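Reading through the structure tokens given below for one structure.
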Amino acid sequence: MSSLTESDAWLALAEHYHEIKDIHMRELFESDADRFDNYSLELNDILYDYSKNRINEQTVKLLLQLANDVDLSAWIEKLFNGEAINHTEHRAVLHTALREQGNKPIIINGEDILPEIKAERQRVKKLAEKIRTRQWRGVTNQAITDVVNIGIGGSHLGPMMVTEALWPHSLHDLNVHFVSNVDENHINDTLENLNPETTLFIIASKTFTTQDTMVNAETARQWYINKLGNDNGIERHFTAVTSNVKLARQFGVAGDNIFKMWDWVGGRYSLWSAIGLSIVIAIGSEQFDELLDGAYEADQHFRSTPLEKNIPVMMALLGVWYNNFFNAQSMAILPYDQHLHRFPAYLQQADMESNGKYVDRQGQEVDYTTGPVIFGEIGIAGQHAFFQLLHQGTKLVPSDILAPVYNFRCIARHHRALMSNVFAQTEALMRGKTEQEAYAELKSEGLDDEQIKQRLPYKVFPGNRPTSSLLFDTLDPKTLGSIIALYEHKIFVQGIIWNINSFDQWGVELGKQLATNILNELNDTEPVCSHDSSTNGLINYYKRRRASDKK
Ligand code: F6P
């Protein structure tokens, strides 16, 4: 048994689960008229309502005890102070330094990193503003009309999600595209209508070795050369963001166009760094500062608010409650703001690459479950797709609902229709529909007793399905910055409780290694026999098909 599952708080929670598991949230609301007030928190214009969860005072008390038992407050300080908490890579984890507004030095290897962060940010802004104001000229002295970010994982999802989310705040005559897939369709479809003379590429890769990104970057360079007939002026069309400056230079990116990131920024936490160059180009320097401000305010909230009033801490503890005691395997992220349509995909990497681990910080296999499967979709679309399972399926899927009080143009007819769904869904998932209620409804529809008997079982909703709601005024850069940072910190807290390192990602290595070996095997037509029969069969089938097609 691990010390976590043997801790007093854990054992007490396990016992408490048996007391609460059959209590319906309807009862919890009936017995506490102030439940909403008692179980909701605010940060600026963000309201976090967690009252529709299967918790009572005792649950919260025990979950907070669990947080205290693992010394969460001390870990929060370690995070902000730059201790090497990514112990498997001997690295600090300092995405918070990227949005730091204070001047107190943050020392890594004897040096204050803040001046370098600020200097690099200035370089990014300078380039972005030149592009936005059409001062940056391409090979034929034309302004840039299209920016293509080539990157994958953290070098793609964060910038892409934010750029989509803040589209109303962006320059609309400057198009920002994102290419991540090594499938040629992605880059070819993107480049089809672009003009190399007015296109700027950002090769975004922390390592500058990721195969998918490198293959796409090479294709982009070749496209430029083929279209223009030579590589004249190519330095005005290629930029890079990386911690591997040497490889970026070898690729041919001019030194002035290479922006630095540091090993203490994890890819999935890097949108605040120069990896956010595409964001700055889209929304401009001032609004990027607001994004950073919003994140900074969430950082301050996380660092200085008592645990019981701390939004990311409560988000994390609820996740642990369902994951480890209710045995919930997944969690749904359901934004009702169309501009957040890539938020679930972004959070999938942020959460699952961080907390999808089975070995603890001491190198032992854990005896409890860790990170949940994160999935999600725009809420309205989900309602007409997978919400059936949320309402009447056999699995418990705790869900986060995110919605704006105002949206961009805020046409009342649209917005009220949208929000009526938000409120209806959280209520329906909580209350469900009892047999008596379903019976009365069918009766009022004029069905006879025989018809009612047949239909009744299908019309009952058990309810008691947890949702937490995040309502925010409007999706502006500052609010978005806060929301993202709240989720980043939630993930951190869960990693601390589960005693895992949320900041490495060894699990993605195996596939990369095997792909490199198999890539060599695909270079000829010889059948392979070094794998299992399925992998051999698939590879050989592919080779035969390709050989006969002569492609
Ligand atoms: O394959 C996973 C991963 O290592 C992510 O953690 C990272 O965000 C992504 O690849 C891209 O890496 P890079 O920025 O080095 O190209």
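Shape annotation for region 260-353: C-alpha extents along the principal axes are 45, 31, 30 Å, from largest to smallest.
The relative contact order of the chain comes to 19 percent, based on Cα pairs under 8 Å that sit 6 or more residues apart. Between D449 and R26, the C-beta separation translates, for a Förster distance of 22 Å, into a calculated FRET efficiency of about 0.25.
Note on A84 and I107: the model spin-label points, each 7 Å out from Cα along the C-beta direction, lie 1.6 nm apart. The P(r) of region 343-462 has a tail past 25 Å containing 48 percent of all C-alpha pairs.
Multiplying the residue separation of D473 and D183 by 0.36 nm and subtracting their alpha-carbon distance yields 100.5 nm. Computed over the Cα atoms of the chain, the ratio of the radius of gyration to the Kirkwood radius (Rg/Rh) comes to 1.00. Checking the a/c ratio against 1.5 first, then a/b against b/c, what shape does the Cα gyration tensor give for region 195-325? Prolate, because a/c is 1.5 or more and a/b exceeds b/c.
Subtracting the Cα-Cα distance from 0.36 nm times the residue separation, let me have the gained length for S548 to N230 in nm, one decimal.
Gain in length upon complete extension: 111.0 nm.
For region 161-206, the orientation-averaged shadow of the C-alpha convex hull comes to 4.2 nm² (one quarter of the hull surface). Averaging Cα coordinates gives a centre for region 375-397 and one for region 266-293; these two points are 32 Å apart. The mean of 1/r over all distinct Cα pairs in region 57-108, once inverted, gives the Kirkwood hydrodynamic radius of 12.8 Å.
Taking the convex hull of the Cα atoms, report for region 421-531 its projected area averaged over all directions, in nm².
Details: hull surface 66.3 nm².
Answer in nm², one decimal: 16.6.
For the peptides 213-225, 483-495, 98-110, what is the packing order when you average, over each peptide's residues, the other Cβ atoms within 10 Å and list the highest mean first? Numbers along the way, then the final one.
Working: 213-225: 19.0, 483-495: 24.7, 98-110: 13.6.
Packing proxy ranking, top to bottom: 483-495, 213-225, 98-110.
Given a 1.4 Å probe and every protein chain left where it sits, what share in percent of the accessible area of the chain is carbon and sulfur?
On the way: 12300 of 25120 Å².
Accessible surface attributable to carbon and sulfur in the chain totals 49 percent.
If you scale each eigenvalue of the Cα gyration tensor by 5 and take the root, what three semi-axes come out for region 476-533, rounded to whole angstrom and sorted largest first?
Numbers: eigenvalues 351, 58, 10 Å².
The answer is 42, 17, 7 Å, longest axis first.
Cα-Cα pairs above 13 Å in region 220-259: how many percent? Mind dumping the intermediate values first?
Working: 382 of 780 pairs.
Here the tail beyond 13 Å accounts for 49 percent of pairs.
Once fully extended, how much extra length lies between H341 and N44, figured as 0.36 nm per residue of separation less the alpha-carbon to alpha-carbon distance? Mind dumping the intermediate values first?
Working: separation 297, 0.36 × 297 = 106.92 nm, distance 2.32 nm.
Answer, rounded to one decimal: 104.6 nm.
Applying 1/(1 + (r/R0)^6) with r as the Cβ-Cβ distance of T207 and E15 and R0 = 56 angstrom yields a FRET efficiency of 0.75. Go ahead and collect, in residue order, the members of region 351-389 whose backbone nitrogen is under 15 Å from a label point 7 Å along the Cα-Cβ direction of N327. Flagged as within label range: 368-370. Take the alpha carbon atoms of region 473-499, find their center, do the same for region 308-358, and report the distance between the two centers in whole angstrom. About 10 Å separates the Cα centre of region 473-499 from the one of region 308-358. Each part gets one Cα centre, and for region 33-65 versus region 232-248 those centres are 49 Å apart.
Placing a label point 7 Å from the Cα of Q65 along the Cα-to-Cβ direction, no residue of region 335-371 has its backbone N under 18 Å from that point.
How big is the Rg/Rh ratio for region 15-82, C-alpha atoms only, Rh by Kirkwood, two decimals? All intermediate terms of the calculation are to be shown ahead of the outcome.
Numbers: Rg = 15.2 Å, Rh = 14.1 Å.
Value, to two decimals: 1.07.
Taking the C-alpha atoms only, the angle from helix 72-81 to the longest principal axis of the chain is near 20 degrees.
What FRET efficiency comes out for C529 versus T5 if R0 is 51 angstrom and r is the Cβ-Cβ distance? Round to the nearest 0.05. Let's see the in-between values first.
On the way: r = 45 Å, r/R0 = 0.89.
Plugging the Cβ-Cβ distance into 1/(1 + (r/R0)^6) gives 0.65.
Between the Cα long axis of helix 509-521 and the first principal axis of the chain there is an angle of about 40°, rounded to the nearest 10. Relative to the longest principal axis of the Cα atoms of the chain, the long axis of helix 435-444 makes an angle of roughly 90 degrees.
Rg and Dmax of region 47-183, both derived from C-alpha coordinates alone, stand at 21.4, 69 Å.
The values are calculated or read from the model by the stated rules, or taken from the named source; none is laboratory data. As the structure is a prediction and not an experimental result, all values here were calculated from the model. Ideal geometry is used to build each Cβ from the backbone, glycine not excepted, and the neighbour counts take in all protein chains shown. Ligands, DNA and RNA are excluded from the accessible area calculation, which covers all protein heavy atoms including side chains. Shrake-Rupley method; radii C 1.70, N 1.55, O 1.52, S 1.80 Å.
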